[in-house]
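For reference, the structure discussed in these notes is given below.
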Amino acid sequence: MKCMICEAEGKLVEYETASSLGKHVCKTHGMKPQQYYDTYLKVPGAGECAECGKPTSFRGIGQGYK
């Protein structure tokens, strides 16, 4: 997985797991994994139940909302 923040700065930083990307985002960029996901990876409709519209739980950068 690539760090989209580093990539925008012209750096190529890749991680084998979503967990390691999450640690990088926290340590290097001072963002929580959910904030990074919402800013760079979230697709429309993610984070809410398709049936009732209630918020769903954030599981991590690799899984998003479930």
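The values are calculated or read from the model by the stated rules, or taken from the named source; none is laboratory data. None of these values were measured; they are calculated from a predicted model. Please note: Cβ atoms are built from the backbone with ideal geometry, for glycine as well, and neighbour counts cover all protein chains shown. When the accessible area is computed, the model is the full protein with side chains, heavy atoms only, and any ligands, DNA or RNA have been set aside. Shrake-Rupley method; radii C 1.70, N 1.55, O 1.52, S 1.80 Å.
Let's see how each residue does on (1) in a helix (DSSP H, G or I); (2) open to solvent by 50 Å² or more (accessible area, probe 1.4 Å); (3) touching a strand residue (DSSP E or B) at 6+ places or on another chain (Cβ under 6 Å):
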{"residue": "Ile5", "(1), (2), (3)": "yes, no, no"}
{"residue": "Leu12", "(1), (2), (3)": "no, yes, no"}
{"residue": "Lys23", "(1), (2), (3)": "yes, yes, no"}
{"residue": "Lys27", "(1), (2), (3)": "yes, yes, no"}
{"residue": "Tyr36", "(1), (2), (3)": "yes, no, no"}
{"residue": "Thr39", "(1), (2), (3)": "yes, yes, no"}
{"residue": "Val43", "(1), (2), (3)": "no, yes, no"}
{"residue": "Ala46", "(1), (2), (3)": "no, no, yes"}
{"residue": "Gly53", "(1), (2), (3)": "no, no, no"}
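Being in contact (Cβ under 8 Å) with a residue 24 or more places away in the chain, out of contact with any His (no Cβ under 7 Å at 6 or more places or on another chain) and open to solvent by less than 40 Å² (accessible area, probe 1.4 Å): is that true of Gly60 here? So Gly60 fits the description; yes. Selection over the range 40-56 of residues that are among the acidic types (Asp, Glu) and closer than 30 Å to Glu7 by Cβ gives a count of 1. Evaluation of Ile5 against the conditions (1) under 16 Å from Gly62 (Cα atoms); (2) in contact with a helix residue (DSSP H, G or I) (Cβ under 8 Å, 6 or more places away or on another chain) shows that the sole unmet condition is (1). Residues in the range 8-22 that are without any contact (Cβ under 8 Å) to a residue 24 or more places away in the chain, at negative phi and not acidic (Asp, Glu): Ala8, Lys11, Leu12, Val13, Tyr15, Ser20.
Taking each residue of the range 23-42 that is within 22 Å of Thr56 (Cα to Cα) and looking for partners that are assigned to a helix (DSSP H, G or I) and open to solvent by 60 Å² or more (accessible area, probe 1.4 Å) with beta-carbon atoms closer than 6 Å, six or more apart or interchain, yields Tyr40/Met4.
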